[in-house]
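Here the structure comes first, spelled out in structure tokens, and everything after it is commentary.
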Amino acid sequence: MTPSTPCGFTLTCRAGLTALLALIVVMAPTSTAPMPGSAGEPEDPARFVDLSLLVAPDYPCTWPSFPPFLINHYRKIGKLSAYNSDVLTMDGNTGTQLDVPTHSVTPPKSGLPNAGPFGFANIDKIAAWQLCGEACVIDCKAYLDSTPNGRSDLLKKELVKVWEKKNRPLGLGDVVLFHSGYTDKYYKPLPEGRRFAADPVAGKAPAWPGPDPDCMEYLASRKVMTLGIDSTSMGPLPDLAEPTHYAGLKHGMIWTEGATNLGALSTTGAFYCMMGPKHVGDPYGEGRAFAVVGGPLAKRLIASARKKNVVDLSVALGDDLPTTWPGQGVGNHRQQYMTTYFGRNPNTKTAFVMHMSDSHSGTHLVPPAYSLPRPGFDDATYAPEVQGWLREYEKKYGPRGTSEVTTEKVPIGQTCGPARVVDVKHLMGKTRKEQWPASPEITKADLQKYEKETGAFKPGDVVIFHSGWSDQHYLPLPKGSACMEKPLNGESEGWPSPGPDAIMYLASKGIRCVGTDAPTLGGVEPKRALMTYWAMGGKGMVGVEFLTNLGALPRDAYFLFAAVKIRDCHGGPGRAIALY
């Protein structure tokens, strides 16, 4: 890889995190939800291990010659807004990121170099099963800092063969992770963080270890389809970056670049997952890598991944899709999702891609700090109308609370668990036209009815509301205006959404994550929506909004969601899948 042929740009992060984040290993709640091979037995607690870099403007989280990552806190709780939200500007080579075949492979019959059958395998086309599998960690620490400046030591197929002889043969469903410790050592705040990418590219420091093309060919012969590396790029410097990328991607491989903390995993036995937003047509993308270690859970998830029993639950993000909150009326919209292009990839003859969007675009996280102000906030700062809503809320539910829990402080284990899918389609059509804009309310009684039919909610469950809304309405614009614009403006009924009473009931059952296949958990009525979010934030709950395809889930599904690890973010694009 050279500055003129940027391939496989990456990140990593460990340094500079808070004590909370330094405890990357988070205990997952105990659950009794049956999955294949479990025979319904109670689970021992499993540990979720975060393997992702922190994305922040003062970290080396982008390729050194690319535009910088930017976050703009353009909505702040106060007179003009009851919520915090952010504009995110980043390209897919930001932080811990995922490469897919079109990073190097061009469309078949295109007449371009490197054309092949995987030339249309963009981020949004990768099958969900390929995002996960059993972690097979290959120790490469001996190859760290072993070369002259500007050069990478090469990881050859003989290294992989030695690993296989010592452990077992590799195969389909394995995720090969090259662990040198590079990101652990060098991903630091700038300017010290220049050692992570800029200095090696400039020839001022040794580069990261990376596999050569023959190693990729060997892994392909073993039917390994998913890889990862804890360094800046899978491609070695100075001249094998693109050959290594093409050698693997032409076979349909995908891989993580910029993983970190791989030393927390055993050689085999952990469940590994890497996923990120489904940008339509992108050849790479920002994401979140994590692992599940220990207990029956890891084994069951690995077994499901090997059987390809994985369901994708995320909407795609595109400029012509209703990806972004349009608001009521005119001029009340959030930052529109926008694709921009820059430079030129000399290998595929296409421009590089980046996006600007609100932090609540597409399938995304809702952390407590979205609706709760920081400690010390003066409630008189709210608009008068919101002050009245707050008095009403606190009279019924108690103090609203405050929070500093932004996206990077939400443990991955909190957004994962047995999926408890509550069918709320029967609520559709329950409002009167003269009441619009209005959303049918999901009540405590609806939740109790579900429990009576399927069993009580348990701590660690992820409760997900299934209305079929995104399946029906998430369509290219202008038809897609039925998804949010029309219901918000009273031209049609809104999507079913829980009120604060329902949220309080779920909190009393130990539920810490709630999801929906509608655009928001709050619905279209501003007052009730805000009270719902206050209730969630005040109870330490998080939300996952804009899911899809929930009808494909069997009852024993295990839900996984992970947001990109962006510091001080009040939302966070991410990806949701489920295994069964």
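Residue-wise HN-Hα couplings along the range 458-465, as the Karplus relation 6.51 cos²θ - 1.76 cosθ + 1.60 with θ = phi - 60° gives them from phi, are 10, x, x, 5, 10, 8, 10, 8 Hz; Gly and Pro carry x. Please identify every one of the trypsin sites (Lys or Arg not before Pro) in the range 377-477 that sits in a loop by DSSP and has no more than 16 other beta carbons within 10 Å of its own beta carbon. Within the range 377-477, the qualifying trypsin sites (Lys or Arg not before Pro) (loop, at most 16 other Cβ atoms within 10 Å) are Lys430, Arg432. Model label sites at Asp239 and Lys308, defined 7 Å from Cα along the beta-carbon direction, differ in position by 4.0 nm. When Thr415, Thr106 are sorted by how many other C-beta atoms sit within 10 angstrom of their C-beta, beginning with the fewest, the order is Thr106, Thr415. For Gln472 and Lys165, FRET efficiency with R0 = 35 Å and r from the beta-carbon atoms, rounded to 0.05? Between Lys165 and Gln472 the formula returns 0.05.
Applied to the range 547-552, the Karplus parametrisation 6.51 cos²θ - 1.76 cosθ + 1.60 on θ = phi - 60° returns per-residue 3J(HN,Hα) values of 7, 7, 6, 5, x, 7 Hz, with x for Gly and Pro. For the pair Arg432 and Asp58 in one chain, pulling the backbone fully straight at 0.36 nm per residue adds 129.5 nm over the alpha carbon distance.
Ordering Cys215, Cys61, Cys136 from the fewest to the most neighbouring beta carbons within 10 Å gives Cys215, Cys136, Cys61.
Working note: Karplus 6.51/-1.76/1.60 with θ = phi - 60° gives the range 418-433 the couplings x, 7, 10, 8, 9, 6, 10, 5, 5, 7, 4, x, 9, 9, 8, 4 Hz, where Gly and Pro are set to x. Does anything in the range 429-443 have its amide N under 18 Å from the 7 Å Cα→Cβ label point of Glu491, and if so which residues? Zone members listed by number: 433-439. With R₀ fixed at 56 Å, the C-beta to C-beta distance from Ala552 to Asn149 puts the FRET efficiency at about 0.65. A P(r) calculated from all alpha carbon pairs of the range 363-579, with 5 Å bins opening at zero, reads 1, 7, 15, 19, 20, 18, 12, 6, 1, 0 percent. Of the trypsin sites (Lys or Arg not before Pro) found in the range 157-223, those that fall in a DSSP loop while having at most 13 other beta-carbon atoms within 10 Å are Lys204, Lys223. For Arg512, neighbours were defined as the other residues whose beta-carbon sits under 15 Å from its Cβ, and their charges (Lys and Arg +1, Asp and Glu -1) total +4.
Here the label points at Lys76 and Glu158, each 7 Å from Cα along the C-beta direction, are separated by 6.0 nm in the simple model. Counting other Cβ atoms within 10 Å as a rough exposure proxy, the listed residues Trp255, Trp436, Trp534 run Trp436, Trp534, Trp255 from fewest neighbours to most. In this simple spin-label model, placing a label point 7 Å from the Cα along the Cα-to-Cβ direction at both Glu392 and Asp379 gives a separation of 1.5 nm. At a Förster radius of 41 Å, what calculated FRET efficiency corresponds to the Cβ-Cβ distance of Ser266 and Lys527, to the nearest 0.05? Rounded to the nearest 0.05, the efficiency is 0.20. Summing Lys and Arg as +1 and Asp and Glu as -1 over all other residues whose Cβ lies under 14 Å from the Cβ of Ala127 gives a net charge of +4. One decimal place: the segment Ala142-Lys204 gains 20.3 nm when fully extended, by the rule 0.36 nm per residue minus the C-alpha distance. The fraction of Cα-Cα pairs per 5 angstrom bin, counted from 0 for the range 465-580, comes to 2, 11, 18, 21, 22, 17, 7, 2, 0 percent, rounded to whole percents.
Count Lys and Arg as plus one, Asp and Glu as minus one, and take only other residues whose Cβ is under 13 Å from that of Asp358; the net charge is then 0.
When the GluC sites (Glu not before Pro) in the range 383-443 are filtered for DSSP coil states and for at most 15 other beta-carbon atoms within 10 Å of their beta-carbon, the remaining sites are Glu404.
We did not get these values from a lab; they are worked out from the coordinates using the rules stated. On a predicted model such as this, the values are computed, not experimentally measured, just so you know. Please note: Cβ atoms are built from the backbone with ideal geometry, for glycine as well, and neighbour counts cover all protein chains shown.
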